[in-house]
Amino acid sequence: MRTAYNVETVRAAERELMARLPEGALMQRAAAGLAAACADLLGRVYGRRVVLLVGSGDNGGDALYAGARLARRGAGVTAVLLAPPERTHPGGLAALRRAGGSVTAPGGAERWIARADLVVDGIVGIGGRGGLRPEAEALVDAVERSGAAVVAVDLPSGVEADTGEVRGAAVRADLTVTFGTHKPGLLIDPAREYAGSVRLVGIGLVLPPVAELEALQHADVARLLPRPAAESDKYRRGVVGIAAGSARYPGAAVLAVSGALRGGAGAVRYVGPAADAVIARFPETLVSDRGPAKAGRVQAWVVGPGAGDDAATVAEVLDTDVPVLLDADGLRLAERDAVRGRAAPTLMTPHAGEAAALLGVRREEVEGARLAAVRELAAVYRATVLLKGSTTLVADPRGGAVRVNATGTGWLATAGSGDVLSGLAGSLLATGLPARDAGSAAAYLHGLAGRFAASGAPAGAHDIAERLPEAWRDVRDALG
């Protein structure tokens with residue numbers, strides 16, 4: 001599992017470690033890892049042209065010491081100082097000069113950047129807030145025009161470490177070399193788009209057991225997935241109820257059922273007006289026309305996909321005492337107090353537009369501050385919230401680490417894909433997984449299935465559903 005910690009926690013861990021180490025040792029560890037990553041990206045160091053963009057903080061010091069290491073290996077290194085020399089890290093500046101590196105001011109930097117093979121971004125560290133200053137923005141623009149490879153020190157300048165927000169211009173890196181731990185902004189959009197590949201360099205930090213963010217990997221998800229025992233039958237494995245679809249949107253019901261059938265539950269019950277379409281496609285589905293309360297026993301419900309204006313069914317499902325997944329039209333039709341008052345778990349799965357409507361803000365506000373939005377929704381509704389997007393986030397109403405999923409692909413942005421995800425997550429709820437785990441595992445499998453289905457070409461929601469078993473097997477293989 002990858003974890004990310006906020007700036008305050010990282011700073012405290014750094015202070016504790018520095019108190020036990022010789023002065024400057026921590027920065028030398030970081031610089032050594034940074035220089036090695038730069039060398040790997042360059043392939044050949046001797047004779048290559050490297051430009052360092054150096055701010056006044058420790059990030060600038062990391063860049064200077066790394067530049068000195070590259071200069072000693074034969075690179076031509078030029079440091080662009082965004083602060084006067086007396087306000088630039090003195091040890092790093094002296095090391096670069098001793099190694100044969102040169103120094104210039106921002107006014108003369110464009111010609112150096114235009115000829116660079118590699119630009120190292122050490123403008124702003126993890127404490128940066130509120131966007132870049134105009135002088136730095138001009139350098140960022142020059143870097144984008146240059147076509148040089150870009151390595152960011154700890155995180156790209158112009159992105160906010162704790163929130164993943166980007167306020168104005170920011171460095172777009174090919175590689176970000178981060179120290180000690182990931183920072184939330186490296187895992188969350190929109191900032192994640194600026195980070196490129198991320199390389200974590202261990203520097204010996206001792207961090208708390210509970211992180212700000214968690215990113216599950218194959219083995220983590222494999223341990224969550226249900227595995228039938230020898231004595232299992234379809235009811236012991238769990239039954240998921242699907243209350244979805246309408247005369248106008250029967251396909252939503254079919255797609256939700258398609259995800260549910262591949263989510264580990266032993267049986268799927270369908271309630272709604274699209275029964276004929278569901279049975280025609282999936283004859284193994286148990287169909288009822290008596291409404292959710294009389295459909296038969298289930299261990300979890302999915303309600304909302306394609307529901308139109310059927311508020312009564314949404315209210316009926318929310319009144320049950322089993323876990324409920326609330327999606328699509330169900331998010332719009334559900335009474336907030338009915339969700340907040342539930343004793344059983346609720347998993348809400350909005351996309352950014354639906355989340356914005358629930359919070360009463362503009363969609364752009366959610367997209368620009370996804371971490372804050374998912375936490376606020378979870379707190380307001382007292383529900384687990386899965387905020388869909390290129391990096392899906394899952395927040396628990398009790399707080400703790402937010403789960404971030406990065407297995408997705410842009411090809412998942414297709415009609416009906418969310419319905420498949422809802423059925424899949426609801427099925428995992430029915431097997432007994434807690435809402436946070438069900439949402440996290442479903443997002444991970446759904447993203448993998450989307451990748452397998454697309455393979456660089458468009459794919460429909462039904463294609464994604466059909467590749468879920470392959471994604472499941474791929475994850476399971478991680479445990480051998």
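So that you can scan it fast, the table gives a plain yes or no per residue for (1) more than 18 Å from Ala425 (Cα to Cα); (2) of a type in the set (Lys, Arg); (3) free of Cβ contacts under 8 Å to residues at least 12 places away in the same chain; (4) open to solvent by 70 Å² or more (accessible area, probe 1.4 Å):
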residue: Arg281; (1), (2), (3), (4): yes, yes, no, yes
residue: Val317; (1), (2), (3), (4): no, no, no, no
residue: Val324; (1), (2), (3), (4): no, no, no, no
residue: Gly330; (1), (2), (3), (4): no, no, no, no
residue: Ala334; (1), (2), (3), (4): yes, no, no, no
residue: Met348; (1), (2), (3), (4): no, no, no, no
residue: His351; (1), (2), (3), (4): no, no, no, yes
residue: Arg370; (1), (2), (3), (4): yes, yes, no, no
residue: Val385; (1), (2), (3), (4): no, no, no, no
Practice problem: Output the number of the condition that Ala413 fails; it satisfies all remaining conditions of (1) open to solvent by 20 Å² or more (accessible area, probe 1.4 Å); (2) under 21 Å from Asn6 (Cβ atoms). | Solution: (2)
Self-check item: Subset of the stretch 118-140 [among the charged types (D, E, K, R) and within 17 Å of Gly196 (Cα to Cα)]
Solution: Asp121
Exercise. Please work out which residue is most open to solvent (accessible area, probe 1.4 Å), limiting yourself to the stretch 434-445 and to residues that are touching a residue at least 60 places away in the same chain (Cβ under 8 Å) and in contact with a Ser or Thr (Cβ under 9 Å, 6 or more places away or on another chain).
Key: Pro434
Practice problem: State yes or no: is Val10 open to solvent by less than 10 Å² (accessible area, probe 1.4 Å) and free of Cβ contacts under 8 Å to residues at least 60 places away in the same chain? | Solution: no
Self-check item: Of all residues making up the stretch 112-122, the number that are of a type in the set (A, V, I, L, M) and closer than 21 Å to Ala36 by Cβ
Solution: 4
Quiz item: Would the stretch 13-21 turn up any residue that is touching an Asp or Glu at 6+ places or on another chain (Cβ under 6 Å), among the aliphatic types (A, V, I, L, M), touching a residue at least 24 places away in the same chain (Cβ under 8 Å) and open to solvent by less than 40 Å² (accessible area, probe 1.4 Å)?
Solution: no
Self-check item: Members of the stretch 372-383 that are more than 13 Å from Ile188 (Cβ to Cβ) and either open to solvent by less than 20 Å² (accessible area, probe 1.4 Å) or touching a residue at least 60 places away in the same chain (Cβ under 8 Å) (or both)
Solution: Leu377, Ala378, Tyr381, Ala383
Quiz item: Of the numbered conditions (1) buried (at least 22 other Cβ atoms within 10 Å of the Cβ); (2) assigned to a loop (DSSP other than H, G, I, E, B), Asn59 satisfies every one except a single condition; which is it?
Solution: (2)
Quiz item: Can you tell me which residue in the stretch 416-428 is nearest to Leu347 (Cα to Cα), limited to those that are in contact with a Leu (Cβ under 6 Å, 6 or more places away or on another chain) and open to solvent by 10 Å² or more (accessible area, probe 1.4 Å)?
Solution: Asp419
Quiz prompt | Odd one out for Gly389 among (1) modelled with pLDDT under 95; (2) open to solvent by less than 20 Å² (accessible area, probe 1.4 Å) | solution = (2)
Quiz item: Going by the structure shown, is Thr104 within 21 Å of Val124 (Cβ to Cβ), among the polar types (S, T, N, Q) and surrounded by 17 or more Cβ atoms within 10 Å (Cβ to Cβ)?
Solution: no
Quiz item: Which of the residues belonging to the stretch 397-406 are open to solvent by less than 20 Å² (accessible area, probe 1.4 Å) and more than 11 Å from the chain's Cα centre (by Cα)?
Solution: Ala401
Practice problem: Scan the stretch 190-208 for residues that are surrounded by fewer than 20 Cβ atoms within 10 Å (Cβ to Cβ), at pLDDT below 95 and not in a helix (DSSP H, G or I) and report the count. | Solution: 1
Practice problem: All but one of (1) within 27 Å of Asn6 (Cβ to Cβ); (2) modelled with pLDDT of 95 or more; (3) of a type in the set (Gly, Ala, Ser); (4) touching a Gly at 6+ places or on another chain (Cβ under 9 Å) hold for Gly131, so report the exception by its number. | Solution: (2)
Exercise. Tell me which residues, restricted to the stretch 1-53, are β-branched (Val, Ile, Thr) and either more than 28 Å from the chain's Cα centre (by Cα) or assigned to a strand (DSSP E or B) (or both).
Key: Thr3, Val45, Val50, Val51
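The values are calculated or read from the model by the stated rules, or taken from the named source; none is laboratory data. All values derive from a computational prediction rather than experimental measurement. Methodologically, a virtual Cβ is constructed for each residue, glycine included, from the backbone with ideal geometry; neighbour enumeration extends over all protein chains shown. Areas reflect the complete protein model, heavy atoms only, side chains present, ligands, DNA and RNA absent. Shrake-Rupley method; radii C 1.70, N 1.55, O 1.52, S 1.80 Å.
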